[in-house]
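What follows is one structure encoded as structure tokens, with my remarks underneath.
Rule-based calculations on the coordinates, nothing more; no lab input. If you're wondering where the values come from, they're calculated on a predicted model, not measured in any experiment. Positions of Cβ are generated from backbone atoms using ideal geometry, with glycine treated the same way; all protein chains shown enter the neighbour counts.
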Protein chains: 2
Amino acid sequence: MKKTIAIVGMGEMGAGVAARLIENGAEVITVLSGRSAASVARAQRADVRVVPTDAEMIEQAEAFLSILPPAKAAELADRIRPVIQTAKPSVVYVDCNAVAPETVTAMAAKFSTLGLPFVDAGIIGPPPKPGTSVTRFYASGGDLTGFLELNSYGLDVRALGSAPGEASALKMSYAGITKGFQALATSMVLGANEHHVTEAFLNELRTSQPGLLKWIVSELPRMVPKAHRWVGEMEEISLFLNSERGSSEMFAGAAKLYEAVAADNELGSDSPRIKALDQFFAQEKGDV
Amino acid sequence: MKKTIAIVGMGEMGAGVAARLIENGAEVITVLSGRSAASVARAQRADVRVVPTDAEMIEQAEAFLSILPPAKAAELADRIRPVIQTAKPSVVYVDCNAVAPETVTAMAAKFSTLGLPFVDAGIIGPPPKPGTSVTRFYASGGDLTGFLELNSYGLDVRALGSAPGEASALKMSYAGITKGFQALATSMVLGANEHHVTEAFLNELRTSQPGLLKWIVSELPRMVPKAHRWVGEMEEISLFLNSERGSSEMFAGAAKLYEAVAADNELGSDSPRIKALDQFFAQEKGDV
């Protein structure tokens, strides 16, 4: 019998994970009520079977994966937990979202009180593509067996310790480096542009920080269309960090910056800031 | 006749620049009233000639370099400007400090009103060492001739445009990348440590971000003893960046973080955070 996994939602990551599981012999089901047209289309393309209700989804599943923007994670857990409790208490709930350890341990506690299995997971890497995945799923929690079984279905699931929160802490630490640095770099590219020193700035980076410059120019153009999704993640990292030492404030700032970049991106090339970023990338790549 | 340059103060950068000029045939003079014992010792070691008053210093000098912590920059300009005006209006005042363009253009305006020459400079690189310097002095302002002459005395002075503020904007943009990223990395190393995921964090960085990890491990250990000096610079970068977009807030946070790291550093190995940072470096270098 095929292994059946339930996934909500069908964003790029959710649909990518679904397609990966399906091409490795699993069946993936989802509920699409209230989801966007884009999510519906992604579910179809990935051959995900749509079921009408949460109860039917949970009855048929062996594991449930929550793959959502961070701000939606707790709400979905509250929606699905009573369904699992009533319909099928053996289903393991896996929260794969980029949330602070504080956020996920609060979620885990509600499952634990009811004796329901819960796994904290952190995804590092891009959405899997057909035929390939370089993406790691770190997991922590009391019983990881059900989730680790997905290693036989094309996922790279790696066990950390038994405490929910560890996987999320790892995800936060890592994303703080990569997405935090992109927020900084965006700030400095725009600051240099506003003060008309972009060329000298680029030359100085080429000379003394060629590695960082290469990283920035390869990552930043892909950030712009994703900035709106990173706002909530920066807020979670802000929560993750000790609030009285300034670190937390750095990521509160990064959240605001990504919000502003997302607004710029809506304007497209009408935005002088998007234009400045594009020019910076083009100049370094020798396109201008 | 020897070229005579006045420099205040005799921190590591000021004394390093002095020694560089001296070994290339210039004479360097300074005033040491109110400076620390360490500054006095550095001036002696560099063979800087000490003069008793600001007036004598300016009378004997052809150029004056201000090389100080950013918070002291405006105060020194206000102290030296009337001396230049009275004693020798031909002396060019060069502000080499890591301050925001807003800070330096306010300084420049006061000189300009009196018709006194003023150069905005930004230093990128470490203090010069005997026999060698990789450090760049970017300069902007109406008349750069006097400062550019120091290219004949072992400095690498590079002209930007005619507006004071440009050199500082470049310095801010660059330091935002390098020192901003070190603040982020410090935050994440400490966050990972607090949540007991350091080993998994290191492994993930080794796999997917080897370049950034190498950079972090080479830069961060040198940051710790300098953190106290970077607080003011982060505040200036915060001022430099557009305040309503979060970037400014990121650097206000970085300033607080460096303040906290400086306090940790006072405690030395009694500080659990310094211990955590040291362990992270040692683990990556294979020392443990």
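Just a few scattered comments:
- Compactness check for the protein assembly as shown: Cα Rg over 2.2 N^0.38 Å is 1.13.
- When A:ASP143 is represented by a point 7 angstrom out along its Cα-to-C-beta vector, the spacings to that point in the other copies are 8.3 nm, nearest first.
- Beta bridges per DSSP with both ends in region B:34-139, % antiparallel, nearest 5: 40
- Distance between the modelled labels on A:ASP156 and A:THR207, one decimal in nanometres: 3.9 nm (7 Å Cα→Cβ projection).
- Taking amide H atoms as placed 1.01 Å from N in the peptide plane, the amide H of A:VAL119 lies under 5 Å from those of A:TYR93, A:VAL94, A:ASP95, each 5 or more residues away in sequence or on another chain.
- Per-pair calculated FRET efficiency, R0 = 30 Å: A:LYS285 and A:LYS129 via Cβ, rounded to 0.05: 0.80
- Length gained on full extension, A:ASN24 to A:ALA37: 2.1 nm, using 0.36 nm per residue less the C-alpha separation.
- Residues A:ARG45, A:ARG273, A:ARG229, sorted so that the one with the fewest Cβ neighbours within 10 Å comes first: A:ARG45, A:ARG229, A:ARG273
- Principal semi-axes of the equivalent ellipsoid, √(5λ) from the alpha carbon gyration tensor of region A:169-284, are 24, 17, 12 Å from largest down.
- Helical runs assigned H by DSSP (4 residues or longer) give chain A a calculated mean residue ellipticity at 222 nm of -18000 deg cm²/dmol, each run adding -39500 (n - 2.57) before division by the residue total.
- Cα centroids of region A:1-19 and region A:96-167: 14 Å apart.
- Distance between the pseudo-spin-label points of B:SER112 and B:ASN242 (7 Å out from Cα toward the beta carbon): 2.4 nm.
- Potential lengthening of the chain between B:ASP143 and B:GLN44 amounts to 32.4 nm, from the contour at 0.36 nm per residue minus the alpha-carbon distance.
- Fluctuation leader among A:GLU244, A:GLU235, A:GLU56 - chain A, Gaussian network, Cα springs under 10 angstrom: A:GLU244
- Teacher prompt: A:GLU12 distances to equivalent labels in other copies, 7 Å Cα→Cβ, nm: 4.2
- Counting from the shortest, the label point at A:ALA109, 7 Å from Cα toward Cβ, is 5.4 nm from the same position in each remaining copy.
- Gap separating the Cα centres of region A:31-52 and region A:237-284, nearest whole Å: 31
- Exposure proxy for B:MET234, B:MET107: other Cβ atoms within 10 Å of each Cβ, ordered fewest to most, give B:MET107, B:MET234.
- Close amide H contacts of B:ARG158 (hydrogens built in the peptide plane, cut-off under 5 Å, sequence separation of 5 or more or a different chain): B:PHE137, B:TYR138, B:ALA139.
- Set A:LYS110/A:LYS256; A:LYS226/B:LYS171; A:LYS171/B:LYS256; B:LYS3/B:LYS88 screened for pairs whose C-alpha atoms are more than 19 Å apart: A:LYS110/A:LYS256; A:LYS226/B:LYS171; A:LYS171/B:LYS256
- Table column - 3J(HN,Hα) (Hz), region A:57-69, Karplus curve with 6.51, -1.76, 1.60, x for Gly and Pro: 4, 5, 4, 8, 9, 9, 9, 10, 10, 9, 10, 9, x
- Rounded, prolate or oblate (a/c below 1.5 giving rounded, otherwise prolate when a/b exceeds b/c) for chain B by Cα gyration tensor: prolate
- Overall shape: rounded for region A:4-161, with the ratio a/c of the largest to smallest alpha carbon gyration tensor axis below 1.5.
- Considering only chain B, percent of DSSP beta bridges that pair antiparallel, nearest 5: 25
- Residues in region A:80-88 carry Karplus couplings, in order, of 8, 4, x, 5, 4, 4, 7, 8, 6 Hz; the curve used is 6.51 cos²θ - 1.76 cosθ + 1.60 with θ = phi - 60°, and Gly or Pro positions show x.
- Here the residues A:VAL31, A:VAL40, ranked from fewest to most Cβ neighbours within 10 Å of their Cβ, fall in the order A:VAL40, A:VAL31.
- Residues in region A:243-262 that a label on B:LEU267 would reach, taking backbone N under 18 Å of a point 7 Å out along Cα→Cβ: A:243-248
- Whole-Hz Karplus values for region A:154-163 come out as x, 8, 10, 9, 10, 7, 9, x, 8, 8 Hz, taken residue by residue from phi with 6.51 cos²θ - 1.76 cosθ + 1.60 and θ = phi - 60°; glycine and proline positions read x.
- Beta bridges per DSSP with both ends in the protein assembly as shown, % antiparallel, nearest 5: 25
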